[in-house]
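Down below is the structure, laid out as structure tokens.
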Amino acid sequence: MDGLLKDRLISEGERIAASAQADSIEFVASRESSSTMRFSSSRFHQGISVTDASFHIRVLIGRKIGVASTNSIERSALDRCLDEALGIARATREEPFLLKPPGPCRYARVNSFFESTARASYDEKASLVASGFREALVSGVSLSGALATVVGEAVIVNSRGLKAYHPYTFAHLSSVASSGDASGFASAVSNDISRIDIKGLMRASAETCLRSSFPKETPPGVYRVLLEPSAVSELVHWLSYTGFGAKSFHDKTGFLSERIGEAVTGEKVTIYDDGLDAKGMAIPFDFEGSPKKRLPLIERGVASGIAYDSLTASIEGRESTGHASFPGDNEGPFPDHLFMEGGDVAAIDMPGLLGDGILVKSFHYVNGLLNPRETLMTGMTRHGTFLVRDGVVKHALRPMRFTEKVLEAFGRIEAVSRETAVYPNGAFPLSSVTVPYILIDGFSFTS
Amino acid sequence: MGMKGIFVSILARLKKLGVDYADIRHERIMTESMQALDGEVEGFSTDTSAGVGVRILYRGAWGFAATNIVTEESAMKAAKEALAMARAFSAVNTGKARLSVSEPFVESYSTPYEIDPFSVASDKKISLIAGVTGAALREKGISSAEAFLEFSRAEKEFCNTDGAFISQTILTSGGGYHVIAGDNDDAQVRSYPDGHHGLFATRGYELIEELDFMGSLPRVTAEARSLLYARECPSGVRDIIIDGPQLALQIHESCGHPAELDRALGAELGFAGGSFLTPDKLGTFRYGSPIVNIYADPNEPGGAGSYRFDDEGVRAQRVDLVRDGVFTGYLTSRESALAVGGVSNGSMRGEGWGGLPLIRMSNVCITPGQGTLDDLVSDTKDGILMSVNRSWSIDDRRLNFQFGAEIAWEIKNGKVKEAFRNPVYYGSTPGFWASCDAVCGRSEWRLWGLNSCAKGEPMQVAHVGHGACPARFRSVKVGVGKP
């Protein structure tokens, strides 16, 4: 990307928002340059560099809403985009509610832009990853994965006087080591690529792979499990997708519908969203410009909150919680900076507390749509499943399928680690899910 | 200078810089989408996205760069970016990528349609989706209803150093709706004509008119309502019949994805996984029973995954993936085809201008057999009929799967009996397809279309079609929805 365009983006936003043709105009802009260096069989096989932008314009004429978007920053394209949004607003029907975009806001100071990430060259990144390839060769494993970096900026301007700007960077390494039936996984995400120990993570994935060799079968059934953070992140992500957003709450498919204030899981479970917490991939505002703040979702097992944007909040007569996606995204708002609160046990002590059971490193292809009201989910274990006896790993297991009501299972949590780990959550770079290790007394494996 | 002139100029400069191969793709995609919720317009938006992507093979290493600024200067800058990445890879890689030969076509193509959806009055489209969701909400027991329409026109131009120049216009229409029957204890969804936002096809607005949303509504709402009082689908080993939309997803996950040769060669191991259909199995592996025949064909008229040339400039071709139950073919690219001693069958597609072309399903279809669904039900003594996908999960080699459907009905002595809710079935891919003993005939066969097939990093989403009809599978494990 040819540098950041803060002034130009804000200027274009102000020009569009100043148009007198609508009761309200919002300009939501995002520019990004991303590079993804994919590797397989310990060699780079795909390199993808994309520079793109999105300019969304949402207009209100009375109670009518029109949205149009373009990826061109040219003035003529933005003017056409505004005309399209106005045309849609004139052509569509009145909403039964009046959408209220936010006015001017004060934002917390969040630093998510790091020159180390923005300036990392292909040669530097390829050389770092290739040093991991050479180590893997000695270990007898093959490495696959990707090193991705993003440089971006977001601008929100609206006709109520709101103006918001935020630059950011993002770096993510995922490494899968494989050898025969065995595999291991490690990943890290940060705004600052210099904080990612690329070689160390690739080595960690290789070590797990080697421990996963010669897997044995174990019959389906209900087992005590120790889920590592990568596995927990999948479950919390699906909880968010199926139940923490306003749309599923409204249409009653969500597990929190009609249950706010009730105990929905065990007291050891606290899940919240906090876009300002630097441990996640922080951002000061959402894509309507509403400030980020902590939103309790489940507090000590009790259903506490739901994520709203201005649109869904207007429908329900509430205030936005700062979870708007781009205008026109019909999936509705979701928490995008999720945290599951850590506990008081050191992760290293958790296998001992498990005693006899199964240690799960990661899940694969989890699906939470079997019965979202009951948080019934299924998925496979992947990249390391181990049988534990008397607190010691005995041997690796073949991948197993779980089918489980997750909130019920969370009601059986015996221990939660102090340590947490952060993972990307969804497509937008500045979203994350941060979770601990958890020990559950009874988790159903069905095949 | 037109796009072709820009392409030729950039490719000539890249040749001077020593590239083994390069191609350029320019796309402009216009999208219109609208949604209605409970009788009100929930969203109505348009999007225009344009850009150019340059793919380079340099000393056996790949680089791809794309930009949203469509000028010669910007495209050349992207080309140099791709070259810089390829150079960095070539300095550390072992082994070199090579390409199989491909004829340099100079052609243009547009998908046919009857009614341009962009020319249809907005009010007509809004009335349709607001009308069907409003009518649904007036039905007893229905707590919410949502409807969708989406139309896109992708104008593409492709040029490569072999001399190809291809322009294509792909028009896609899609839509559907779902209703939710809900009370304080449960919420059950029924979708029409399929889950996953309905049905997509490379057709015009005539598709939406044929779908007849309003005509289907009484059945769909009645089924949703019935699920609130239905029994949970019982567990056990049963004969099952799965209907067209559900079989489409079964084909998608357990045949289409594993037959992608890049996946089988390990290109996706770092993300979604590999494939049990490894090259050593080609031509010999018993994938299913002898009545199972599955093919991929981008030329299938109206398919969501239809095109004439792929994004490597290779002509679209039909390929038999499974013939008489035996695994016989892969979806291939110019590079991967060399691994199985062949040339590309034209299966590379990128999402828009910014997506690196990957091997993607086009229209992966089962060959119809004989008879109607009624015939099949009559021929089933004790079984379960499952309809429309609700949940999907499969392991990283595409073997261990579990699928949930929106609704099921018990079949007793050749008759459809009571409805079951939350039906789920599971198994292992070859064993499941080996148990297939009946596939309905052409009259029950239909091209289903999805707009949400995900693959790669950064994740790309593709439209894919699946020709499918009801089929029967013997002795399948069902009903593990409640452990």
HN-Hα J couplings of segment B:65-74 from phi, Karplus 6.51/-1.76/1.60, θ = phi - 60°, integer Hz, Gly and Pro as x? 9, 9, 9, 8, 9, 9, 9, 4, 4, 5
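Given R₀ = 51 Å, what would the calculated FRET efficiency be for residue A:137 paired with residue B:9, taking r from the Cβ atoms and rounding to 0.05? Walk me through the numbers before you get to the answer.
Values: r = 42 Å, r/R0 = 0.83.
For residue A:137 and residue B:9, the calculated efficiency is 0.75.
When only DSSP loop residues count, what GluC sites (Glu not before Pro) in segment B:58-164 have their Cβ near at most 14 other Cβ atoms within 10 Å?
On the way: sites: B:72, B:73, B:81, B:107, B:114, B:139, B:146, B:150, B:155, B:157; in loops: B:114, B:139.
Qualifying residues, ordered by number: B:114.
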Which of the three applies to chain B, rounded, prolate or oblate, going by the alpha-carbon gyration tensor with a ≥ b ≥ c and a/c under 1.5 meaning rounded? oblate
Two decimals, Cα atoms only, Kirkwood Rh: what is Rg/Rh over segment B:153-261? 1.13
Diffusion constant of segment B:233-478 at 20 °C, which comes from Stokes-Einstein with the Kirkwood Cα-pair radius and 1.002 mPa s, µm²/s: 119 µm²/s
If you average the alpha carbon positions of segment B:312-343 and of segment B:46-110, how far apart do those two centres end up, in angstrom? 23 Å
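Over the residues of the protein assembly as shown, compute the C-alpha Rg and express it relative to 2.2 N^0.38 Å.
Numbers: Rg = 26.4 Å, N = 930, 2.2 N^0.38 = 29.5 Å.
Normalised Cα radius of gyration, the protein assembly as shown: 0.89.
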Expressed as a whole number, the average count of other chain Cβ atoms within 10 Å around the Cβ atoms of B:184-197 is 2
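Set the Förster radius R0 to 45 Å, insert the Cβ-Cβ distance between residue B:185 and residue A:418 as r into 1/(1 + (r/R0)^6), and round the FRET efficiency to 0.05.
The calculated FRET efficiency here is 0.75.
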Of all DSSP beta bridges with both partners in chain A, the antiparallel percent, nearest 5, is 90 percent
So, in Å, what gap is there between the alpha-carbon centers of segment A:188-248 and segment B:146-191? 32 Å
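In what sequence do B:349, A:211 fall when counting other Cβ within 10 Å, fewest first? Display every interim value, and only then the final one.
Numbers: B:349 23, A:211 15.
So the residues, fewest neighbours to most, are A:211, B:349.
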Under a cut-off of 18 Å between alpha-carbon atoms, report the lysines in cross-link reach of residue A:216, not counting same-chain residues fewer than 8 places apart. A:361, A:394
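Going by C-beta contacts inside 10 Å, put B:214, B:3, A:350, B:85 in order with the fewest on the left. Can you show the working numbers first?
On the way: B:214 12, B:3 17, A:350 25, B:85 29.
By the 10 Å Cβ count, ascending, the order reads B:214, B:3, A:350, B:85.
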Using the Karplus curve 6.51 cos²θ - 1.76 cosθ + 1.60 with θ = phi - 60°, what ³J(HN,Hα) values do you get for each residue of segment A:375-384, in whole Hz, with x for Gly and Pro? 6, 7, 10, 9, x, 10, 6, 7, 6, x
Values of log10 I(q)/I(0), in the order q = 0.16, 0.18 Å⁻¹, for segment B:3-229 under a Debye, Cα-only, solvent-free model: -0.97, -1.13
Sorted from largest down, give the three principal axis spans of the alpha carbons of segment B:355-439, whole angstrom values. 51, 29, 24
Sticking to Cα atoms, compute the Rg of segment B:254-357 to one decimal and its Dmax as the biggest Cα-Cα distance, whole number, in Å. 13.5, 42
Residues in segment B:419-452 reached by a label modelled at residue B:216 [backbone nitrogen below 17 Å; 7 Å Cα→Cβ]: B:444-452
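When only DSSP loop residues count, what GluC sites (Glu not before Pro) in segment A:278-330 have their Cβ near at most 13 other Cβ atoms within 10 Å? Mind showing how you got there, number by number?
Details: sites: A:288, A:299, A:316, A:319; in loops: A:288, A:319.
Of the GluC sites (Glu not before Pro), the ones in loops of segment A:278-330 whose Cβ has at most 13 other Cβ atoms within 10 Å are A:319.
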For residue B:412, the aspartates and glutamates lying under 16 Å Cα to Cα, once residues fewer than eight places off in the same chain are dropped, come out as B:239, B:374, B:375, B:379, B:382
Partner lysines for residue A:125 [C-alpha distance under 21 Å; skip if fewer than 8 residues away on the same chain]: A:199, B:77, B:80, B:96
Using alpha carbons only: equivalent-ellipsoid semi-axes of segment A:221-445, gyration tensor based, whole Å: 31, 17, 15
Can you give me the convex hull volume of the Cα atoms of chain A, divided per residue and expressed in Å³? 137 Å³
To the nearest 10 degrees, how steep is helix B:122-137 against the longest Cα principal axis of chain B, on a 0 to 90 scale? 30 degrees
Return the long-range amide H neighbours of residue B:42 (sequence gap of 5 or more, or a different chain), with a cut-off of under 5 Å between placed amide H atoms. B:35, B:36, B:37
Per the protein assembly as shown, cysteines lacking a partner by the 4.7 Å Cβ criterion: A:81, A:105, A:209, B:159, B:233, B:255, B:365, B:436, B:453
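Determine how many Å³ per residue the convex hull of the Cα atoms of segment B:198-323 encloses.
Values: hull volume 24.3 nm³, N = 126.
Taking the convex hull of the Cα positions in segment B:198-323, it is 193 Å³ per residue.
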What's the angle, to the nearest 10 degrees (0 to 90), between helix B:3-16's Cα axis and the longest principal axis of chain B? 60 degrees
Round to the nearest 0.05 the FRET efficiency obtained for residue B:119 and residue A:79 when R0 = 25 Å and r is the Cβ-Cβ distance. 0.60
For the cross-link pairs A:252/B:417; A:279/A:405; A:163/A:292, which exceed 24 Å when the distance is taken from alpha carbon to alpha carbon? A:252/B:417; A:279/A:405
When A:281, B:76 are ordered from fewest to most other Cβ atoms inside 10 Å of their Cβ, what list results? B:76, A:281
Compute the long axis of helix A:198-211 from its Cα atoms, compare it with the longest principal axis of the Cα atoms of chain A, and write down the angle in degrees, 0 to 90, nearest 10. 40 degrees
Tabulate in residue order the Karplus-calculated ³J(HN,Hα) for segment B:142-156, using 6.51 cos²θ - 1.76 cosθ + 1.60 with θ = phi - 60°, rounded to whole Hz; enter x for Gly and Pro. 8, 9, 6, 8, 9, 10, 9, 9, 8, 10, 9, 10, 10, 9, 10
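Bear in mind that the values in this text are calculations on the coordinates, not laboratory data. What you see is a predicted model; the values in this text were computed from it and never measured. No Cβ is skipped: glycine too gets one built from the backbone with ideal geometry, and neighbour counts run over all protein chains shown.
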